[in-house]
Number of protein chains: 2
Amino acid sequence: MMRRLYFHRDSKRGVAGTFNWLVDEVKELGEALKTEDKEALENEFADVIAWLASLANVTNVDLEKASLNKYDNKCPKCGHSPCQCTF
Amino acid sequence: MMRRLYFHRDSKRGVAGTFNWLVDEVKELGEALKTEDKEALENEFADVIAWLASLANVTNVDLEKASLNKYDNKCPKCGHSPCQCTF
């Protein structure tokens, strides 16, 4: 969906510019965490995942595939579900 | 899935600690963007979305619902698909 909505803009902006936007959105999420405004917080979560998807699109990464490849129903470090890592 | 795998750890670490981890993972993604290592890059994308999900879990936000509530098949700013914002 993000590719359909925004790829024409994301691809013009490029990798570095899109990463910088992601970083800014993460900072805004950090600010929203300090408030009691649940709607604003949900908005910032949405923006972070949206910009992460935009960045994946411009770097030609399949975000869903990359995520499920690493986190495939068990912890990638200890191999258990739930995670039983001791560190 | 992230709740099942990690909530016992995430909830102990808390909101601030989990946000700090997310920030570190975003930095690592930024480093991976500078390399040609596609597998490492995919790994870092996976880690960022994983830690974003962990943070959503400890703040009691439904990440999917929050995302689709804001980005519901059209740009939340201009209302078009694809986005036709002019700024």
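The values are calculated or read from the model by the stated rules, or taken from the named source; none is laboratory data. Predicted model, so just to flag it, every value in this text is computed and none were measured. Note that each Cβ is placed from the backbone with ideal geometry, even for glycine, and that neighbours are counted across all protein chains shown. For accessibility, only protein heavy atoms count, side chains too; no ligands or nucleic acids. Shrake-Rupley method; radii C 1.70, N 1.55, O 1.52, S 1.80 Å.
Some notes on this structure:
- Note on the range A:24-50: residues that are outside any helix (DSSP H, G or I) and in contact (Cβ under 8 Å) with a residue 12 or more places away in the chain amount to 0.
- For B:F45, the conditions (1) aromatic (F, W, Y); (2) closer than 16 Å to A:L29 by Cβ; (3) open to solvent by less than 20 Å² (accessible area, probe 1.4 Å) are fulfilled apart from (2).
- Residues (facing chain B (nearest Cβ under 8 Å), under 13 Å from the mean Cα position of the chain (by Cα) and not aromatic (F, W, Y)) located in the range A:16-42: A:L22, A:V23, A:V26, A:L29
- Residue, least open to solvent (accessible area, probe 1.4 Å), within the range A:51-85, restricted to residues that are part of a loop (DSSP other than H, G, I, E, B) and small (G, A, S): A:G79
- Search result, residues across the range A:1-23 that are closer than 20 Å to B:E25 by Cβ and touching a residue at least 24 places away in the same chain (Cβ under 8 Å): A:M2, A:V15, A:T18, A:F19, A:W21, A:L22
- Residues considered: A:R9, A:R13. Of these, the only one that is within 7 Å of chain B (Cβ to nearest Cβ) and over 18 Å from B:L63 (Cβ atoms) is A:R9.
- Of all residues making up the range A:43-73, the number that are small (G, A, S) and more than 7 Å from chain B (Cβ to nearest Cβ): 2
- Residue match in the range B:56-73 (condition: touching a Cys at 6+ places or on another chain (Cβ under 7 Å) and either within 21 Å of B:R9 (Cα to Cα) or at pLDDT 95 or above (or both)): no
- Members of the range A:25-42 found to be open to solvent by less than 40 Å² (accessible area, probe 1.4 Å) and either of a type outside the set (A, V, I, L, M, F, W, C) or modelled with pLDDT under 95 (or both), listed by number: A:E25, A:G30
- Filtering the range B:48-87 to residues that are small (G, A, S) and at positive phi leaves only B:G79.
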